[in-house]
Amino acid sequence: MKLNSIRFKASILYTSILCIILVLFSGVLFSVTRHILYRDVDEELQVKAAEIVNILKSYEKLKQTESRQQHLINKLLGVEDRARLIIDDLWRSDMQALNLKSDYINILTVHGQPIIKSQNFNDEVTALFRNKFPLSPTHAVFNNLKNSKYRLRAVNLPFLYGKKNLLVIQIGTPLDPVIRILNQLLYFIGAGILFILGLTSFLGSFFARRILKPVLNVTKIVDDISHTDLNLRIPEMAVDEEMKHLISSCNAMVERLEKSFEHVNEFSSHVAHELKTPLAIIRGEVELALSETRDIDEYQRVLNVSLEEIDRLIRIIKDLLLIARLDYNPDVFQFENISLKAFLEEIYEYSRILAEQKGLASELEIPESAHYIDGDKIHLRRLFLNLINNAVKFTPRGGTISITLTVMDNRARIAVSDTGIGIFQKDLETIFDKFFRAHHHAQVSEPGSGLGLSIARSIARAHQGQVTVQSMPGQGATFTVILPIV
Ligand SMILES: Nc1ncnc2c1ncn2[C@@H]1O[C@H](COP(=O)(O)OP(=O)(O)OP(=O)(O)O)[C@@H](O)[C@H]1O
Ligand SMILES: [Mg+2]
């Protein structure tokens, strides 16, 4: 599995999210458990302290035994060996009943004078309590006490002994059982998290591979598609909705590529053909002229024919360059505000001269109101002249050519109509393709390279406009240029 693969990233992502959730959850679980355990220990400590206090108070009731009472008072006031012995005896028997062997018990005056302590309350424990657990004569306090040898949970509980003797009982209980439980819990949580993460990353990677399998299949098929077999399509297998979209988008893209390739192939063969014909004519003429000695007129004729063909070649190349510039370099346009009325009158003037030369009538119909467009005058002139040239070219003597302007929905519609030979329905779609020329005998005889309409369409598109055509064979044609009004 590669590090930058989706499969790896997906399983890492899922595993990390799960890891964060598990760690948070475990953290909460651990702290809650710790809290509960400490609370139990504290409650137990409190109960123990209360019971010890009760035992001590019960000594006080042994008033009938004078000596005991005296001993106890003595004990509370100072340290007296006999009193200590009696108290210790009583203490021991009662304490044994409480099962406090492992606890550390100390009873002091509020000033810190020791009264009685359990046997295990040695000097080290005494120092630990003194240093880390300051005496609190007013309220109960719980704390953790820790040094290299002991880890204790301790309680400080003040109580009234007799009527006015305020004493403090301090009990420490080892935290070892709690720590053991917490350690075990920690170990269990750690092992559990590792196991779950391992399992998740394995399952994540497994499922990611299953989910991505169709992607690999599609990639394999797409890899196999080269320019020679663009007709191949990815089968629409039973896959997820997203994959279906991907497959249909890929198929649509391959289809567009196929069309573009066909177009490029067709275009290059057209270009080759269009360039080859004049060159073949020039070559034929020159070869013929060189085959034997000719008179000067014949040489002149050959040179004239060659010049004409060379002009045609130059025109085709220029047109092709123009189309490429129009389609791929919008900077060639220099937009300005153009009055449609003035502009169309100028175009009409040109069409009138051309029409007259061929014995055609011409008409101009424009509304009175002034309309303006944002356009490049030179290129727009080229657009309309191409349409007018076609209209003149494909309209027999006696016909009419008209230019009409209508404005609707902020759009100017300029129609160039003729009453000429018209266009077949089947050709209407391809008429704007480069080098397209209809195979109509009347049209084939007319000169042209089939680039004029292609140029017209490119110019219209660069003006956010379009050119449409309506025609019936034998009934003329109407080319409409639609441009946005400003
Ligand atoms: N007004 C029209 N009436 C009938 N057919 C037309 C008309 N305009 C265009 N066509 C058809 O569309 C074809 C393409 O026109 P286009 O202007 O692109 O090329 P062309 O006139 O043949 O050559 P070029 O304009 O490059 O000198 C023409 O050859 C012709 O068959
Ligand atoms: Mg033309």
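Residues in the stretch 219-236 that are closer than 21 Å to residue 264 by Cα and surrounded by fewer than 11 Cβ atoms within 10 Å (Cβ to Cβ): 226, 227, 228, 229, 231. Of the residues examined, residue 436 is not one that is assigned by TED's automatic domain parsing to the domain that holds residue 344 and more than 11 Å from ligand 2 (Cβ to nearest atom). Please verify whether the stretch 363-371 includes one or more residues that are without any contact (Cβ under 8 Å) to a residue 40 or more places away in the chain, more than 23 Å from residue 423 (Cα to Cα) and either acidic (Asp, Glu) or in contact with an Asp or Glu (Cβ under 6 Å, 6 or more places away or on another chain) (or both). Within the stretch 363-371 (the criterion being without any contact (Cβ under 8 Å) to a residue 40 or more places away in the chain, more than 23 Å from residue 423 (Cα to Cα) and either acidic (Asp, Glu) or in contact with an Asp or Glu (Cβ under 6 Å, 6 or more places away or on another chain) (or both)), the answer is yes, since at least one residue qualifies.
Scanning the stretch 392-407 turns up no residue that is among the aromatic types (Phe, Trp, Tyr) and out of contact with any Asp or Glu (no Cβ under 9 Å at 6 or more places or on another chain). Among the conditions (1) more than 9 Å from ligand 1 (Cβ to nearest atom); (2) closer than 26 Å to residue 321 by Cα; (3) touching a residue at least 24 places away in the same chain (Cβ under 8 Å), the only one that residue 399 does not satisfy is (2).
Among the residues of the stretch 177-196, those that are surrounded by fewer than 16 Cβ atoms within 10 Å (Cβ to Cβ) and aliphatic (A, V, I, L, M) comprise 179, 181, 186, 191, 194, 196. Scanning the stretch 263-277 turns up one or more residues that are of a type in the set (D, E, K, R) and closer than 16 Å to residue 434 by Cα.
Only one entry in 306, 339, 268 is among the polar types (S, T, N, Q), closer than 30 Å to residue 466 by Cα, surrounded by 12 or more Cβ atoms within 10 Å (Cβ to Cβ) and without any contact (Cβ under 8 Å) to a residue 40 or more places away in the chain, namely 339. If the condition is being of a type in the set (D, E, K, R), within 14 Å of ligand 2 (Cβ to nearest atom) and within 52 Å of the chain's Cα centre (by Cα), then the stretch 373-422 contributes only 382. Looking only at residues of the stretch 30-58 that are among the aliphatic types (A, V, I, L, M) and free of Cβ contacts under 8 Å to residues at least 60 places away in the same chain, we find that the one that is farthest from residue 169 (Cα to Cα) is 32.
Hey, any hits in the stretch 370-392 for a residue that's within 16 Å of ligand 1 (Cβ to nearest atom), assigned to a loop (DSSP other than H, G, I, E, B) and farther than 16 Å from residue 486 by Cα? No, there is no match, as no residue in the stretch 370-392 is within 16 Å of ligand 1 (Cβ to nearest atom), assigned to a loop (DSSP other than H, G, I, E, B) and farther than 16 Å from residue 486 by Cα.
Condition check ((1) at pLDDT 80 or above; (2) on the phi < 0 side of the Ramachandran plot; (3) basic (Lys, Arg)) across all residues:
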{"site": "75", "(1), (2), (3)": "no, yes, yes"}
{"site": "81", "(1), (2), (3)": "no, yes, no"}
{"site": "87", "(1), (2), (3)": "no, yes, no"}
{"site": "115", "(1), (2), (3)": "yes, yes, no"}
{"site": "119", "(1), (2), (3)": "no, yes, no"}
{"site": "130", "(1), (2), (3)": "yes, yes, yes"}
{"site": "140", "(1), (2), (3)": "yes, yes, no"}
{"site": "146", "(1), (2), (3)": "yes, yes, yes"}
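Residues that are away from ligand 2 (no atom under 16 Å from the Cβ), under 46 Å from the mean Cα position of the chain (by Cα) and buried (at least 18 other Cβ atoms within 10 Å of the Cβ) occur at least once in the stretch 453-462.
The values are calculated or read from the model by the stated rules, or taken from the named source; none is laboratory data. Remember, it's a predicted structure, so these values are computed and weren't measured experimentally. Here Cβ is always computed from backbone atoms with ideal geometry, including for glycine, and neighbour counts include all displayed protein chains.
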